[in-house]
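Structure, as structure tokens:
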Amino acid sequence: MDAKMKRKILVAFDFDKTFVDADSSEMIIQLTQFKSIPGILKRLLSSEGWEKRRVLFSLLHVFGITPNDILNHLSTIQLVPGIRDLLYGLPREDTEIIIVSDGYSLAIDVVLKKEGLQDVISKVFTNHTEFDKEGHLIIHPYHQQNWCYLSKRNMCKGDILTSYIKSREEQNVVFPTIAYVGDGNNDFCPSIRLRERDLVFPRRGYSLYNILVRYEQKGFHLDAEVHPWDSGTDILEKLLPHYQTLNSNQVLPVPRIENSDASKDN
Ligand SMILES: [Mg+2]
């Protein structure tokens, strides 16, 4: 390994129900529940997926829900227990913390600002939202993908993680250990791409945890170590020992993370 390379541990978080104890899109649906909504729209909103969310967000204004109502509601979101201890318990100089979320930028911005965590998070990858001049909340897909059947069309988290690691390598930062913390179905793709030096932290009792249990029952195993967790402090305890070997001359796996074909092959 090139001596000028800086070695760090990368901790990648999902956001909804992992970083915060809320689903930020469900929070928006809560805002509409006391409004009278035409039946045809209710049927559309009860369908799954990206389109539902896009339509719902853009119509909030029609139901009399103002940008301030949205901001006030989002500001009630709480961190998952132990997450603050985890963020501040990791050696700052040797750690890079990112969020990879199929939520949306407004909710993440509100939480990070309220909790004073903007400087702790190096980068946020999510669907961008903005208010237009009329106060409509517009959500844009993070990207449009057709290469990963494990992921939704608007976001393949494994691909985001792979690109990020590659871009940091070009800036002379390598990650001997990568930790991925998540709870949902869409956290499976990044989890299966991690290698034997890495750690996957599925929140106990949630979808990712259940998927990994079934995966193992079928005789499959992730290359990465799997550590179910209930509190952020469980994650801190498992991660801290990895800093002791951070600057030893271990050979890192090549490729450092499985490429996008991995999700097609599994
Ligand atoms: Mg989640």
Of all residues in the range 128-145 being assigned to a loop (DSSP other than H, G, I, E, B) and under 19 Å from Leu74 (Cα atoms), which is modelled with the highest pLDDT?
Asp132
The listed residue being without any contact (Cβ under 8 Å) to a residue 24 or more places away in the chain, small (Gly, Ala, Ser) and within 16 Å of the ligand (Cβ to nearest atom), out of Gly205, Gly182
Gly205
Mind counting the residues in the range 213-229 that are touching a strand residue (DSSP E or B) at 6+ places or on another chain (Cβ under 9 Å) and within 16 Å of Ala179 (Cβ to Cβ)?
7
Looking at Leu150 and the list (1) assigned to a helix (DSSP H, G or I); (2) within 16 Å of the ligand (Cβ to nearest atom); (3) open to solvent by 10 Å² or more (accessible area, probe 1.4 Å), which single condition is not satisfied?
(1)
Answer yes if at least one residue in the range 16-31 is in contact with a strand residue (DSSP E or B) (Cβ under 6 Å, 6 or more places away or on another chain) and more than 16 Å from the ligand (Cβ to nearest atom), and no otherwise.
no
Being away from the ligand (no atom under 16 Å from the Cβ), open to solvent by 30 Å² or more (accessible area, probe 1.4 Å) and touching a residue at least 40 places away in the same chain (Cβ under 8 Å) is true for just one of His143, His73. Which residue is that?
His73
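Rundown of residues vs (1) outside the structural domain of Phe15 (by TED's automatic domain parsing); (2) touching a residue at least 40 places away in the same chain (Cβ under 8 Å); (3) among the β-branched types (Val, Ile, Thr); (4) in contact with an Asp or Glu (Cβ under 7 Å, 6 or more places away or on another chain), yes/no style:
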position	(1), (2), (3), (4)
Ile121	no, no, yes, no
Lys133	yes, no, no, no
Leu137	yes, yes, no, no
Tyr149	no, yes, no, no
Arg153	no, yes, no, no
Cys156	no, yes, no, no
Ile160	no, yes, yes, no
Given the conditions (1) open to solvent by 40 Å² or more (accessible area, probe 1.4 Å); (2) at pLDDT 95 or above, and given that Asp16 satisfies all but one, which numbered condition is not satisfied?
(1)
In the range 23-37, how many are of a type in the set (Gly, Ala, Ser) and surrounded by fewer than 22 Cβ atoms within 10 Å (Cβ to Cβ)?
2
Given the residues Arg193, Arg203, Arg168, Arg197, which is the only one that is among the basic types (Lys, Arg), open to solvent by 50 Å² or more (accessible area, probe 1.4 Å) and not assigned by TED's automatic domain parsing to the domain that holds Arg54?
Arg197
Return the residue satisfying two criteria in turn: it lies in the range 97-140 and is crowded, with 20+ Cβ neighbours inside 10 Å and over 27 Å from His61 (Cα atoms), and of such residues it is farthest from the ligand (Cβ to nearest atom).
Ile97
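The values are calculated or read from the model by the stated rules, or taken from the named source; none is laboratory data. The shown structure was predicted, so the numbers you read here are calculated from the model rather than taken from an experiment. Heads up, the Cβs are rebuilt from the backbone with ideal geometry, glycines too, and the neighbour counts pull from every protein chain shown. Heads up: the accessible areas ignore ligands, DNA and RNA and are worked out on the full protein's heavy atoms, side chains in. Shrake-Rupley method; radii C 1.70, N 1.55, O 1.52, S 1.80 Å.
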